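Undergrad: Before I ask anything, let me first share the structure, which is written out below as structure tokens.
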Amino acid sequence: MNEKEKLEEKIEVLRLRMYELYDQNLSEEELLQVSRDLDELLNKLRRLTRGCYSQ
């Protein structure tokens with residue numbers, strides 16, 4: 001599995017987790033943290049697909 005596929009998989013897992021948290025009306029802090037983590041992964045994917053990804 002390449003880096004792009006790994007990121008896409010992690011994004012999907014977090015996206016589903018965020019929906020679960022929202023539907024269950026659980027901790028707002030946890031929902032915000034998952035949202036931040038998801039944003040970070042989406043930004044990494046964007047940089048990777050633009051060819052300027054650096055670790």
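Undergrad: Starting from region 20-38, take each residue that is surrounded by 11 or more Cβ atoms within 10 Å (Cβ to Cβ) and list its partners that are among the basic types (Lys, Arg), counting only C-beta distances under 7 angstrom and pairs at least six apart or across chains.
TA: Going by the 7 Å Cβ cut-off, the qualifying pairs are Val34/Arg17; Leu38/Arg15.
Undergrad: Answer yes or no: is there a residue in region 31-54 that is outside any helix (DSSP H, G or I), among the charged types (D, E, K, R) and modelled with pLDDT under 90.
TA: Taking every residue of region 31-54 in turn, at least one turns out to be outside any helix (DSSP H, G or I), among the charged types (D, E, K, R) and modelled with pLDDT under 90.
Undergrad: Could you grab me the full set of residues in region 1-30 that are within 19 Å of Thr49 (Cα to Cα) and assigned to a helix (DSSP H, G or I)?
TA: Glu3, Lys4, Glu5, Lys6, Leu7, Glu8, Glu9, Lys10, Ile11, Glu12
The values are calculated or read from the model by the stated rules, or taken from the named source; none is laboratory data. The structure displayed is predicted, hence computed values, not measured ones. Cβ atoms come from the backbone with ideal geometry, glycine included; neighbour counts cover every protein chain shown.
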